[in-house]
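Right, one structure below, let's go through it.
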Number of protein chains: 2
Amino acid sequence: MNSIGVGLLGFGTVGSGTAKILVENQEVIASRLGRPLELKRIADLDITTDRGVKVDGRILTTDAADVIDAPDIDIVIELIGGYEPAKGFLLRAIDQGKHVVTANKALLASDGWEIFEAATKKGVDVGFEASVGGGIPLIQSIKEGLVANRIQGLFGILNGTANFILTKMTDETGSFADVLKEAQDLGYAELDPTFDVEGIDAAHKLTILLSIAYGIPIDFDAVYTEGISRITPLDIRFMKSFGYRIKLLAISKDDGKAIEARVHPTLIPENSLLASVNQAYNALYVTGDAVGNVMFYGPGAGMMPTGSAVVSDVVNVARNIISGAVGRVPALGYQPATMQARRIKSMDDLAVKYYFRFSAEDRPGVLSRISGILGKHEISIQSVHQQGRDVLGAVPIVMITHEAREAAVRQALSEIDRLDIVKDRTMLIRIEDWK
Amino acid sequence: MNSIGVGLLGFGTVGSGTAKILVENQEVIASRLGRPLELKRIADLDITTDRGVKVDGRILTTDAADVIDAPDIDIVIELIGGYEPAKGFLLRAIDQGKHVVTANKALLASDGWEIFEAATKKGVDVGFEASVGGGIPLIQSIKEGLVANRIQGLFGILNGTANFILTKMTDETGSFADVLKEAQDLGYAELDPTFDVEGIDAAHKLTILLSIAYGIPIDFDAVYTEGISRITPLDIRFMKSFGYRIKLLAISKDDGKAIEARVHPTLIPENSLLASVNQAYNALYVTGDAVGNVMFYGPGAGMMPTGSAVVSDVVNVARNIISGAVGRVPALGYQPATMQARRIKSMDDLAVKYYFRFSAEDRPGVLSRISGILGKHEISIQSVHQQGRDVLGAVPIVMITHEAREAAVRQALSEIDRLDIVKDRTMLIRIEDWK
């Protein structure tokens, strides 16, 4: 039986996992697919380091063209990451009529539209299951499993590094800097952790999800992004006392008029299912108008889990090749002609509950002045805590508000932060109080 | 653009949900599929009751043949449930060259093989996403999303009724009978709850999962099945004190030599993710050799959630029709020629931890006699509780064992239950102590 030829660009962590699966699980994959997948060539700048994968040394090359231009390769997997040369390689492979599979969320979130258009024009498939949620099959589940639904909400823990850090801070009360250092030592965080801890990686992933959930064009700039680096052990302690856990959540809601699209630290009830998603695990909670609430959980990164998702895409494309059904499911789940931009809700119009931590002088009348300003802006308080009077020379006053408009909140905090009795910028964390 | 013709057999709860989705979400489905799905006809014995679904009265019929034999219908959805006439209708539709979609787990678990063979022979597709886990897209996720994996384990909460009852018993300490009554009043349990509370429904679903996970023929008799009707509030109280929650779990493990296949009440750690799956929700925890652990969570039953899964199958089949790719993914995930029976591990060979509750007389030496018999059978005790001396005139002695062989446990319990100091049959609950 004719095998399906597969070529790999990038022999790093995920590339090695992908190759390992293609080699070691070849038999079980063939018994499902009906034909063997054959890993024909791997291109990487470094072809001497041993990755612990049993591949014939002769299939290794330092020249990407040996993969992209090879007539015996049907599917090109791009696992280089980053913008260039990954993008150029993908477009060239597409131009050569190759189907492509990628895990490159940063590239898709910025230039995905161009890549998908090129693929549609050329009549080739693009798989990107591994770009969001690592090994969790959530892209296909949204595009196909929930195809009968109007999607109404997405709540995702989409960055394993940030979740690992917040879990550690919650369980062991370390500072952000200390825990980040530990995560770096353990290999859970990169030397430059900006994309992970500042929410950018999660925003890339949410950008892709928004497109497949709502049929809107890819638009990274529409996503509000805020990271976790300002969270303190003090905040963790207070939010626990209020019955909350903190997660870096990627959130979207569609009320039919506008779409919310935001990534930020978020307090969620400690007994909610997402609060139990800890360590480097990822999860996506989806609300559909027919199905209600479903959740997908699993490893959001790593050599073998991400490889699992990459290979599932390869098999998916291979099935299309075998049955002559290329383009069977549109790359973003919607027919391109039906996709159109929707209004993205401004953060000013957001209405949620808030957690505030004020750093105020320990004087009579402080709470009254703060709550006076909040009241003026129609922000009503659900509960207040004053604790630990000896922290940093100032009194932390902690509040949970009722639902309030973000524009009002920003105005109120800017007034409050200018008060002479307020010693530091007020900490604001949004709350999602569902279930 | 040509629409895809859809016919529905059975206009009950799930049938109504399916029709509602096909009508109300027609536009969003078409924007994904590229063509409209058109609900051409609905057959049910009762076509007069208002289901709250806006369908033209002229498409209703009491004659199933009007659906099965109609030339304008491409896909027949069977939502009658049970064995006959559902099976006959399905086979006749297949024989007419119609693709079929069903949610009928009882039928598939017994006669699925025959139905899949008929469909393969006739070259039509069979969709059954809704047969396991209601609205959760888990069949496709295992068949396609985890296609790169050798599946190593399945842990499922697959029956919403049983989960609802156990959740209530855990949160509110009612007896099984009282809570069952309540569940019946709320419509969560049927008048004859046998299939749900005795684990039969969960075993039907596990039977289907085993086949798609391991590529083995459908064999309901291979699944050990035990229900929840013997669980008492006393057991719930004790297991909570040991840090466990109780779930009716469908469990399978593949150690490479044999496959475990069992449905029974199971104690799991209270802080595990599955322990947080409460009420009528379902979840499936899957371990794959590449991906590690993933979990799928959502509503396991209900009009709209199950309808969501049914319609996802219809769209999937419609995509195959449109792109000429019928049979693109084998019904059970494996190429039929590669499927073969595997050894199912006998329950005697099971090795797990156990919870025992002995009902013994309140006399000195009782614990020593019981533990003597356990020791003789090489069952070692991890912890013992003796509490509540006034219950039913006997002392409940509760134990957690270390891992023991089930054959030894059965022998030991049969000896213990014959002791004059033991007043009632010993309660045995298996423990899965992961993570």
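Laboratory data are not the source of any read-out in this text; all were calculated from the coordinates shown. Remember, predicted model here, so these are calculated numbers, not experimental data. When we count neighbours, we look across all protein chains shown, and the Cβ atoms used for this are built from the backbone with ideal geometry, even at glycine.
Computed values, structure above
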quantity: Exercise: per-residue mean of other protein chain Cβ atoms within 10 Å, B:296-309; calculated: 5
quantity: Sorted by Cβ density within 10 Å, fewest first, the residues A:V263, B:V197; calculated: B:V197, A:V263
quantity: Given A:K345/A:K376; A:K54/A:K121; A:K168/B:K345, the pairs whose alpha carbons are separated by over 32 Å; calculated: A:K54/A:K121; A:K168/B:K345
quantity: Principal axis dimensions, the range B:248-352 - Cα atoms, whole angstrom, descending; calculated: 50, 37, 24
quantity: Cα gyration tensor shape of the protein assembly as shown, rounded if a/c is under 1.5, else prolate or oblate by comparing a/b with b/c; calculated: rounded
quantity: Two-site FRET efficiency, A:D185 against B:K423, from Cβ-Cβ distance with R₀ of 56 Å, rounded to 0.05; calculated: 0.45
quantity: Beta bridges per DSSP with both ends in the protein assembly as shown, % antiparallel, nearest 5; calculated: 70
quantity: Other-copy label distances relative to B:K181, 7 angstrom Cα-Cβ extension, nm; calculated: 6.3
quantity: Per residue, the convex hull volume that the Cα atoms of chain B enclose (Å³); calculated: 143
quantity: Sorted peptide list for A:54-66, A:204-216, B:352-364, criterion being average Cβ within 10 angstrom, highest first; calculated: A:204-216, B:352-364, A:54-66
quantity: Inter-chain Cβ neighbour average for residues A:316-327, partner chain, 10 Å; calculated: 3
quantity: Identity and axial distance of the chain B residue whose Cβ lies nearest the axis relating B to A, Å; calculated: B:A325, 2
quantity: Chain A, helix-only ellipticity at 222 nm - DSSP H runs n ≥ 4, -39,500 (n - 2.57), divided by all residues, nearest 500; calculated: -10000 deg cm²/dmol
quantity: Packing-based order for A:252-260, B:280-288, using average beta carbon neighbours within 10 Å, highest first; calculated: B:280-288, A:252-260
quantity: Within 10 Å of each Cβ in B:134-142, the average number of Cβ atoms from other chains; calculated: 6
quantity: Amide hydrogen neighbours beyond the local backbone of A:L8, cut-off 5 Å, H modeled; calculated: A:R41, A:I42, A:A43, A:I77
quantity: Bins of 10 Å from zero: percent of alpha-carbon pairs in the range B:347-431; calculated: 19, 56, 23, 2
quantity: Cα-Cα pairs of the range A:301-413 separated by more than 24 Å (percent); calculated: 58
quantity: Burial order of peptide ranges A:264-276, B:152-164 (average beta-carbon count within 10 Å, highest first); calculated: B:152-164, A:264-276
quantity: Proximal aspartates and glutamates relative to B:K20, as straight alpha-carbon distance under 16 Å, when same-chain residues fewer than 8 apart are discounted; calculated: A:D289, B:E38, B:D44, B:D50, B:D56, B:E78, B:D313
quantity: Tensor-based shape of the range B:138-299 (alpha-carbon gyration tensor, a/c under 1.5 rounded, otherwise prolate or oblate); calculated: prolate
quantity: Where GluC sites (Glu not before Pro) fall in DSSP loop in the range A:158-250, at most 14 other Cβ within 10 Å; calculated: A:E190
quantity: Separation of the B:H402 and B:L45 label points, Cα + 7 Å toward Cβ, nm; calculated: 5.9
quantity: Partners for A:K353 among aspartates and glutamates (Cα-Cα distance below 12 Å; same-chain residues under 8 apart left out); calculated: A:E403, A:E406, A:E432, A:D433
quantity: Relative contact order, percent, the range A:347-431 [alpha-carbon distance under 8 Å, six or more residues apart]; calculated: 49
quantity: Greater than 25 Å apart at Cα, pairs in B:K40/B:K87; B:K247/B:K423; A:K87/A:K205; calculated: B:K247/B:K423
quantity: In Hz, Karplus ³J(HN,Hα) per residue of the range A:37-46 (6.51, -1.76, 1.60; θ = phi - 60°; x = Gly, Pro); calculated: 8, 10, 6, 8, 7, 10, 10, 7, 5, 9
